[in-house]
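Quick notes on the structure that follows.
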Amino acid sequence: MSGLSEPAMRLLPVAGCAAAMSVVFFAAVRRAASGYVLLLLGVVPSALVYAANPLHRVYSFHGFLHLSIVYRILCGSLPPEDPLFAGRPLLYPWGYHLTAAGLSRALDLSPAWVFALINLCSLLCCLVFLYRTAQRVTGDKETAVFAVLLSVYGLSFTSTAHLIGPVQRYLGIFLEFRGLPPSTYFTELQADGTGLAFYALFLLSLTGSLMSPRFSLGDVMLVLALIGAGIFYPFYFVAALGSGLLAAALALALRQISLRKAAIVCGLLVFAAIVVLPYLLALVAEKAPAGSIALVSSPAYAIGKLRLYLMHVAVFVSLMLIERGALLASWRARRIESGIILAAFVAASLLYLLTRAPLADEFKFLTLAVVALGVLGAPAVRELHDAHPRIAACVITLFLVPFASHLVLTGFETWTVMEPFTEQGTQIRATDPDQEALYSWIRNRAPCDAVFIDTRRAIAVFGERVLYVGLDDGERAPHDAEHPRGMDGWKISARDVLTFIEAHPESEIARRSGLARAFYGASDDPVDASVLADIGRDIGDRPLHVVTRDAHSRAKLDRDPRFRAVFVVGALGVHRLQPAVQALH
């Protein structure tokens with residue numbers, strides 16, 4: 001064992017986990033267990049991650065971004081104000097956060113716990129909807145189980161998180177792992193999982209709508225699913241809308257539906273889009289170009305994406321071609337249903353290949369392509385299982401390695417976080433006494449409309465208040481050897497969050513950052529009056545508080561008669577701009 005390399009050592013528990021899941025799956029299949037029993041088993045791994053690693057449940061990939069939005073809503077800000085850019089609307093979909101805020105208040109639970117409950121419920125719904133869809137496409141319950149396994153838990157081995165670093169380091173190849181397999185979303189504190197549940201409901205409703213010659217319940221659910229996708233996750237709304245229009249056109253071209261039915265379905269899709277349009281326009285109207293989605297213009301970038309795409313789907317497509325007889329039989333038996341999923345696969349693939357989003361977030365379309373491809377290719381895997389069960393078991397085990405890698409990485413590997421915490425009611429509290437004294441004072445003594453300036457972003461979560469601008473001096477995002485302080489809850493820098501995710505103009509971000517940093521640094525000179533005037537124009541008459549985390553900055557404000565110390569403990573202090581002075585600016 002001691003002679004194994006570190007990557008090999010890390011992959012041993014991953015391989016064991018994948019093998020265990022494969023054994024459970026095939027044992028249940030051989031015993032002819034109900035499909036719904038298998039779906040319930042599918043929720044267990046994600047639930048174990050939440051139970052095994054509470055640090056991940058709160059910090060997640062960039063959990064603080066989402067928690068800070070919930071706390072803005074709980075403070076009465078609706079539509080929510082940007083928690084990292086006071087006075088400006090949040091340019092990020094917030095339907096997921098509004099749901100979490102309502103449940104958090106109703107259940108008196110921390111938003112992190114509520115997000116976990118929402119994700120687990122979304123996972124179960126996603127599995128059920130895909131199972132029912134696959135039943136319609138394949139006509140067989142056991143094949144539908146294979147479809148769900150492939151779509152949600154993995155149909156390739158190239159997205160193994162533990163291999164990303166070594167492959168990139170030694171082979172120079174980047175392997176996309178974000179959102180692959182789709183099941184990883186349901187253990188992250190983000191809206192993707194709920195969006196996937198609505199997308200799965202959309203696919204189920206679309207099959208019901210196009211298969212029915214008259215207006216049916218499927219038509220109603222189609223509209224509701226598309227609206228839900230738009231509110232909770234607009235990326236998936238775009239893909240669903242494209243999939244629906246393409247599916248209707250394909251079914252009409254194959255003469256499987258009438259022109260009247262195609263017109264009804266397209267009309268329903270347009271109606272749902274009109275309903276969601278005001279919400280979406282509010283999110284994008286003020287977005288800076290850096291935060292917008294655009295068509296790919298660089299040939300090199302397009303070629304790189306095509307290579308990534310082929311790497312992730314080539315193995316499974318090859319398997320589909322080998323067992324093409326089963327696929328052709330399924331297609332001939334159910335052309336409408338198969339055509340719908342084919343349209344979803346093509347639409348998602350084209351969106352991935354032809355668009356470019358901030359931080360390369362178009363990978364989320366690749367996630368949807370994988371979901372559709374798993375349903376399309378399930379008959380091939382079922383045929384392989386019937387003819388060569390041992391080979392099928394090896395293939396499924398290999399395909400489960402990426403999900404097993406995610407489980408081990410998030411559930412059982414050692415984590416270090418910048419601010420250890422406890423949860424009480426709706427609050428997330430720091431365990432460090434001085435830090436918690438600061439955040440407790442902010443939560444209990446500062447009004448909900450108070451604006452804070454700080455060199456760190458934690459106030460937006462632990463203090464539940466808004467920052468004038470997000471700064472991350474002293475924060476360390478990744479949890480690796482180069483960042484020994486551990487996870488900060490954001491993963492990416494404040495500037496990247498504000499520029500690419502929340503999409504404020506870069507000039508405004510730089511201006512506010514410069515104004516905020518005027519309160520810190522080596523200079524002993526008092527803050528210039530023009531700085532306070534500029535901040536006042538941004539936030540109006542709202543109370544302004546400055547947090548200091550070192551003796552020099554605190555002494556600088558102690559000497560400034562325009563500020564009054566309202567909290568001091570250890571090296572931490574809070575100074576409030578005197579209301580009479582603030583009114584002048």
DSSP bridge orientation in the chain - percent antiparallel, rounded to nearest 5: 75 percent
Beyond 33 Å, the calculated P(r) of the chain holds a percent of Cα-Cα pairs equal to 47 percent
Could you tell me whether the stretch 424-581 comes out rounded, prolate or oblate from its Cα gyration tensor? Rule is a ≥ b ≥ c as square roots of the eigenvalues, rounded for a/c under 1.5, then prolate if a/b exceeds b/c, otherwise oblate. rounded
Eigenvalues of the Cα gyration tensor times 5, then square-rooted: what semi-axes does that give for the stretch 493-585, in whole angstrom, largest first? 23, 17, 12
For helix 141-153, what angle does its Cα long axis make with the longest principal axis of the chain, in degrees from 0 to 90 and rounded to 10? 30 degrees
What is the distance, in nm, between label points placed 7 Å from the Cα along the Cα-to-Cβ direction at CYS394 and at LEU224? 4.7 nm
Cα-based convex hull, the stretch 330-391, per residue volume (Å³, whole number): 84 Å³
Quick one: what do you get for the stretch 61-211 if you divide its Cα Rg by 2.2 N^0.38 Å? 1.25
What would the Debye formula give as log10 I(q)/I(0) at q = 0.14 Å⁻¹ for the alpha-carbon point model of the stretch 226-287, no solvent? -0.44
Answer check: the stretch 263-319, Cα atoms, Kirkwood Rh, Rg/Rh ratio of 1.18
Those chymotrypsin sites (Phe, Trp or Tyr not before Pro) in the stretch 153-185 that DSSP places in a loop and that have at most 16 other beta carbons within 10 Å: PHE174
Can you give the extra length, in nm with one decimal, that the chain gains between ALA300 and ASP524 once fully stretched, where that is 0.36 nm per residue apart less the Cα-Cα distance? 75.6 nm
At a 10 angstrom cut-off on C-beta neighbours, averaged per residue, how do the peptides 551-561, 492-502, 518-528 rank from highest to lowest? 492-502, 551-561, 518-528
With only alpha-carbon atoms counted, please give the Rg and Dmax of the stretch 189-312, in Å. 16.5, 48
Coil-residue trypsin sites (Lys or Arg not before Pro) of the stretch 412-470, DSSP, other Cβ within 10 Å capped at 13: none
Taking 122-132, 31-41 and ranking on average Cβ neighbours within 10 Å, highest first, one gets 122-132, 31-41
Once every Cα of the stretch 362-409 carries one equal point scatterer and solvent is ignored, give the base-10 log of I(q)/I(0) from the Debye formula at q = 0.16, 0.19, 0.25 Å⁻¹, two decimals. -0.58, -0.77, -0.98
Fully extended, how many nm does the chain gain between TYR170 and ARG495 (0.36 nm per residue separation, minus their Cα-Cα distance)? 113.9 nm
What FRET efficiency comes out for the pair ASP473/ARG537, r = Cβ-Cβ distance, R0 = 22 Å, nearest 0.05? 0.35
For the stretch 130-187, what are the per-bin percents of Cα-Cα distances with bins 5 Å wide, up to the bin holding the maximum? 4, 19, 20, 16, 14, 11, 7, 6, 3, 0
In square nanometres and to one decimal, what's the mean projected area of the convex hull around the Cα atoms of the stretch 370-446? 9.2 nm²
Of the listed pairs LYS364/LYS491; LYS287/LYS364; LYS261/LYS305, those with alpha carbons more than 28 Å apart are LYS261/LYS305
For labels at TYR36 and GLN424 in the simple 7 Å Cα→Cβ model, what's the distance in nm? 4.2 nm
Simple label model, 7 Å out from Cα along Cβ direction - THR414 to SER507, nm: 5.0 nm
With angles folded into 0 to 90 degrees, how steeply does helix 35-52 sit against the dominant principal axis of the chain? Use alpha carbons for both and round to 10. 30 degrees
Calculate how large, on average over all directions, the projected area of the Cα convex hull of the stretch 166-229 is; give the answer in nm² to one decimal. 6.1 nm²
Roughly how tilted is helix 299-322, in degrees to the nearest 10 and between 0 and 90, from the longest Cα axis of the chain? 40 degrees
Of PRO402, ILE227, ALA571, whose Cα points farthest to the positive end of the dipole of the chain (charges on the beta-carbon: +1 Lys, Arg; -1 Asp, Glu; origin at the Cα centre)? ILE227
Relative contact order [Cα under 8 Å, 6+ residues apart], the chain, whole percent: 19 percent
What are the semi-axes of the equivalent ellipsoid for the stretch 317-360, taken as the square roots of 5 times the Cα gyration tensor eigenvalues, largest first, in whole Å? 28, 14, 5
Which of the aspartates and glutamates could a cross-linker bridge to LYS556, judged by Cα under 19 Å and excluding same-chain residues fewer than eight apart? ASP454, ASP473, ASP524, ASP525, ASP528
Which order do the peptides 49-59, 193-203 take when ranked by the mean count of other beta-carbon atoms within 10 Å per residue, highest first? 193-203, 49-59
Lone cysteines, the chain (no partner Cβ under 4.7 Å): CYS17, CYS121, CYS125, CYS126, CYS266, CYS394
Give me the Å³ per residue figure for the convex hull around the C-alpha atoms of the stretch 273-360. 125 Å³
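No lab work stands behind these numbers, since they all come straight from the coordinates. Keep in mind the model is a prediction, meaning the values are calculated, not measured. Please note: Cβ atoms are built from the backbone with ideal geometry, for glycine as well, and neighbour counts cover all protein chains shown.
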